[in-house]
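Undergrad: Below: one structure in structure tokens.
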Amino acid sequence: MDFLRELGLQHDNSGAYNGEWLACTGEWLASHDPATGKVIGRVRQATGLEYEACVAAAHAAFLRWREVPAPKRGEIVRKLGNAMREKKDALGRLVTLEMGKILQEGWGEVQEAIDIADFAVGQSRMLYGLALHSERPGHAMREHWHPLGAVGVITAFNFPMAVWAWNSMLAYVCGDPVVWKPSSETPLCAIGLTNVVRPVLEAEGFGALATLVIGSGREVGNRLLTDKRLPLISFTGSTGVGRKVAVTVGERFARSILELGGNNGLILMDDADLELAIPAILFGSVGTAGQRCTTTRRLLVHEKIADEVERRLLRAYEQVRIGNPSHEKTLCGPLVSPSAVEEMMSALAQLEQEGGKVLCGGERVKLPGAEAGGNFVQPAIARAENHYKIVQTETFAPILYVIRVKDFDDAIRKHNDVPQGLTSAIFTLDVRHAERFLSTLGSDCGIANVNIGTSGAEIGGAFGGEKETGWGRESGSDSWKQYMRRQTNTVNWSNALPLAQGIQFG
Ligand code: NAD
């Protein structure tokens with residue numbers, strides 16, 4: 001495949017980069033095409049030895065990079081955005097090949113990386129502090145933002161490029177290098193992307209800004225969490241692993257950004273415009289084969305329209321083309337691994353034990369040409385109650401639970417009654433219900449939408465969740481502040497030394 005060569009990928013690849021590719025000494029990791037089960041390539045993983053060389057290089061780069069003026073850092077980020085733009089086609093194809101999302105979404109993921117680069121370029125001239133009025137005469141108070149240090153970025157398989165970019169582009173303009181540990185399901189995406197950005201950084205003498213270290217949780221993951229040279233760990237992944245990250249990083253008083261599991265609800269009121277709602281639900285629940293943190297998992301539908309909505313959804317699901325994600329007409333590609341298929345099957349079995357009913361889908365699908373493997377499933381719709389244990393859990397697969405609600409209050413109560421709090425949506429034409437949903441009495445999630453689905457956020461907004469989805473925000477708005485340290489300054493330009501609060505001392 002030409003695009004693999006274009007991205008500098010070989011059959012055997014190094015799993016550590018710190019300004020140059022290192023000769024790794026760890027075990028080999030094979031990467032599989034989830035559509036066929038075939039091996040795409042291998043990566044020699046990093047051990048503690050290469051880990052040390054990576055973090056030391058990133059820290060040394062920090063000591064120099066923090067002195068480069070922020071707008072100049074932005075200029076280099078502009079070049080990174082352009083490098084990704086040039087290779088958008090190849091990068092998108094690699095995402096599709098290794099992760100399994102359809103090509104449109106693979107390209108969309110790379111576009112997200114380009115968009116956040118553009119955003120960060122502007123941000124590099126807007127790292128605004130504050131000028132404050134002092135209570136003391138002849139005194140000035142200010143708030144300054146300073147670079148923080150090298151940032152550890154641990155990413156999930158389902159956004160194998162964009163999440164690195166969300167973190168890195170902002171971190172770079174803020175003055176911080178990044179040490180990236182990608183998912184072991186998608187190591188080639190990380191290597192291919194590193195190969196695209198490294199010529200830009202190497203030409204500036206800053207290759208180690210994009211340090212990459214691929215290795216197991218034991219060899220690499222845990223080291224990142226406990227490494228004092230990394231004052232911020234940005235973790236994207238499951239709530240289970242995130243809980244450990246929170247405790248370990250918190251123990252050394254470092255910061256974390258935690259982007260964890262979602263269990264996103266979409267409320268459909270009886271006045272909803274179904275012409276908008278049905279496609280939004282379909283994209284939200286079947287897109288990326290249900291493997292987005294923002295996937296629509298719970299449909300809270302007003303009982304007056306529930307039968308009609310079920311009928312329309314069943315018709316829409318019948319038309320979903322399952323297949324190789326690189327084929328133009330495919331809407332639903334494979335799950336990432338055979339164990340993800342198992343998890344979907346066991347979730348549906350548990351649902352039926354708890355009293356739920358599968359209305360369609362839920363079967364494994366064998367496609368011609370995928371004899372060696374192929375983790376395809378038929379997306380499922382199931383009737384359920386919100387309190388079922390399985391409904392309270394995030395299953396990373398295309399299962400849409402349909403839950404009937406009596407009225408708006410019932411819908412909000414059920415909507416918020418899950419441990420997670422990432423994205424949410426309501427479809428209604430009643431402005432009072434819409435505004436109430438967005439008010440303090442409404443959705444308890446980090447993201448709440450009206451007449452638009454739960455999935456597919458823009459980079460301009462702050463992205464993140466509440467409750468067991470974690471804390472912190474990535475991407476737009478003022479998320480940049482997390483990658484910097486705040487300093488409050490007081491300058492006395494008078495001839496006296498008055499104390500704050502009028503205290504007289506001696
Ligand atoms: P995962 O938790 O299995 O793995 C995430 C990352 O953590 C991987 O890089 C993995 O290698 C690493 N890891 C595993 N054990 C570790 C340890 N002990 N120490 C340090 N790192 C360790 O998640 P996944 O299966 O790759 O991704 C799916 C999950 O990610 C879902 O729960 C999904 O909702 C979540 N997710 C959340 C967001 C968000 O923004 N909220 C975005 C994407 C994915």
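Undergrad: With respect to the numbered conditions (1) farther than 20 Å from GLU75 by Cα; (2) away from the ligand (no atom under 15 Å from the Cβ); (3) touching a His at 6+ places or on another chain (Cβ under 9 Å), which one is the sole condition not fulfilled by GLU185?
TA: For GLU185, the exception is condition (2).
Undergrad: Need the failing condition index for ILE281 against (1) more than 18 Å from the chain's Cα centre (by Cα); (2) open to solvent by 20 Å² or more (accessible area, probe 1.4 Å), just the number.
TA: Failing condition for ILE281: (2).
Undergrad: Only residues in region 323-336 that are in contact (Cβ under 8 Å) with a residue 12 or more places away in the chain count as the first member; pair them with residues that are part of a loop (DSSP other than H, G, I, E, B) and open to solvent by 60 Å² or more (accessible area, probe 1.4 Å), Cβ under 8 angstrom, at least 6 apart or cross-chain, and list the lot.
TA: Short answer, once both residue conditions are applied: GLY323/LYS329; THR330/ARG321; LEU331/ARG321; CYS332/ARG321; VAL336/GLU185.
Undergrad: With the requirement that a residue be open to solvent by 20 Å² or more (accessible area, probe 1.4 Å), among the charged types (D, E, K, R) and either more than 21 Å from ALA113 (Cβ to Cβ) or not in a loop (DSSP other than H, G, I, E, B) (or both), what does region 58-102 give you?
TA: ARG64, ARG66, GLU67, LYS72, GLU75, ARG78, LYS79, ARG85, GLU86, LYS88, ASP89, ARG93
Undergrad: May I ask you to say which residue of HIS139, HIS133, HIS144 is more than 14 Å from the ligand (Cβ to nearest atom), surrounded by fewer than 24 Cβ atoms within 10 Å (Cβ to Cβ), of a type outside the set (Ser, Thr, Tyr) and within 28 Å of GLU251 (Cα to Cα)?
TA: Details: HIS139 fails: within 28 Å of GLU251 (Cα to Cα); HIS133 fails: within 28 Å of GLU251 (Cα to Cα).
Among HIS139, HIS133, HIS144, only HIS144 is more than 14 Å from the ligand (Cβ to nearest atom), surrounded by fewer than 24 Cβ atoms within 10 Å (Cβ to Cβ), of a type outside the set (Ser, Thr, Tyr) and within 28 Å of GLU251 (Cα to Cα).
Undergrad: Open to solvent by 60 Å² or more (accessible area, probe 1.4 Å) and farther than 24 Å from PHE62 by Cβ, is that true of LYS481?
TA: Values: open to solvent by 60 Å² or more (accessible area, probe 1.4 Å): yes; farther than 24 Å from PHE62 by Cβ: no.
No; evaluated as a whole, the condition is false for this residue.
Undergrad: Related question: Take region 151-166 and flag every residue that is open to solvent by less than 20 Å² (accessible area, probe 1.4 Å) and farther than 16 Å from GLY221 by Cβ.
TA: ASN158, PRO160, MET161, ALA162, ALA165
Undergrad: With the structure loaded, tell me whether LYS304 is closer than 30 Å to SER443 by Cα and open to solvent by 30 Å² or more (accessible area, probe 1.4 Å) or whether it fails that test.
TA: Numbers: closer than 30 Å to SER443 by Cα: yes; open to solvent by 30 Å² or more (accessible area, probe 1.4 Å): yes.
Judged against the criteria, LYS304 is a match.
Undergrad: Given the conditions (1) open to solvent by less than 60 Å² (accessible area, probe 1.4 Å); (2) under 24 Å from HIS415 (Cβ atoms); (3) of a type outside the set (Asp, Glu), report the number of the one that ALA349 does not fulfil.
TA: With (1) open to solvent by less than 60 Å² (accessible area, probe 1.4 Å); (2) under 24 Å from HIS415 (Cβ atoms); (3) of a type outside the set (Asp, Glu) applied to ALA349, the lone miss is (2).
Undergrad: If the Cβ limit is 9 Å and pairs must be 6+ apart or interchain, which residue in region 106-124 that is in the same structural domain as VAL77 (by TED's automatic domain parsing) and under 24 Å from LEU331 (Cβ atoms) pairs with which residue that is open to solvent by 10 Å² or more (accessible area, probe 1.4 Å) and among the hydroxyl-bearing types (Ser, Thr, Tyr)?
TA: As it stands, the answer is GLY106/SER326, since those pairs meet every condition given.
Undergrad: What's the total number of residues in region 37-47 that are open to solvent by 20 Å² or more (accessible area, probe 1.4 Å) and in a loop (DSSP other than H, G, I, E, B)?
TA: 4
Undergrad: Any chance you could count how many residues in region 414-431 are farther than 24 Å from GLY464 by Cβ and out of contact with any helix residue (DSSP H, G or I) (no Cβ under 9 Å at 6 or more places or on another chain)?
TA: From region 414-431, those farther than 24 Å from GLY464 by Cβ are 428-431; that's our starting set.
With the extra rule that they be out of contact with any helix residue (DSSP H, G or I) (no Cβ under 9 Å at 6 or more places or on another chain), the set shrinks to 429, 431.
Here the count works out to 2.
Undergrad: Scan region 484-498 and give yes if some residue there is in contact with a Lys or Arg (Cβ under 8 Å, 6 or more places away or on another chain) and modelled with pLDDT under 95, otherwise no.
TA: yes
Undergrad: Further question on the same structure: Restricting attention to strands (runs of 3 or more DSSP E) lying wholly within region 411-498, give those where 1 or more residues are touching a residue at least 60 places away in the same chain (Cβ under 8 Å) and away from the ligand (no atom under 15 Å from the Cβ). I'd like the intermediate steps shown before the answer.
TA: Values: elements: 423-427, 447-450, 484-492.
Passing ranges, in order: 423-427, 484-492.
Undergrad: Also, I was wondering about something else. Would you say GLU219 is surrounded by fewer than 24 Cβ atoms within 10 Å (Cβ to Cβ), outside any helix (DSSP H, G or I), touching a residue at least 60 places away in the same chain (Cβ under 8 Å) and within 16 Å of the ligand (Cβ to nearest atom)? Don't jump to the end; show me each part of the working.
TA: Numbers: surrounded by fewer than 24 Cβ atoms within 10 Å (Cβ to Cβ): yes; outside any helix (DSSP H, G or I): no; touching a residue at least 60 places away in the same chain (Cβ under 8 Å): yes; within 16 Å of the ligand (Cβ to nearest atom): yes.
So GLU219 fails the test.
Undergrad: Could you give me the residue pairs with C-beta distances under 8 Å whose first residue belongs to region 167-188 and is open to solvent by 10 Å² or more (accessible area, probe 1.4 Å), whose second residue is within 16 Å of the ligand (Cβ to nearest atom) and among the charged types (D, E, K, R) wherever it lies, and which are 6+ apart or on separate chains?
TA: Filtered contacts from region 167-188: GLU185/GLU98.
Undergrad: Let me ask you something else. Look through LEU400, LEU422, LEU331, LEU367 and report the one residue that is surrounded by 14 or more Cβ atoms within 10 Å (Cβ to Cβ), at pLDDT below 95 and under 30 Å from TRP107 (Cβ atoms). Talk me through it step by step, then tell me what you get.
TA: Working: LEU400 fails: at pLDDT below 95; LEU422 fails: at pLDDT below 95; LEU331 fails: at pLDDT below 95.
Checking each option against the conditions leaves just LEU367.
The values are calculated or read from the model by the stated rules, or taken from the named source; none is laboratory data. All of these numbers come straight from a predicted model, not from anything done at the bench. Cβ sites come from the backbone with ideal geometry, for glycine too, and all protein chains shown count toward neighbours. Calculation scope for accessible area: heavy atoms of the full protein, side chains included, ligands and nucleic acids excluded. Shrake-Rupley method; radii C 1.70, N 1.55, O 1.52, S 1.80 Å.
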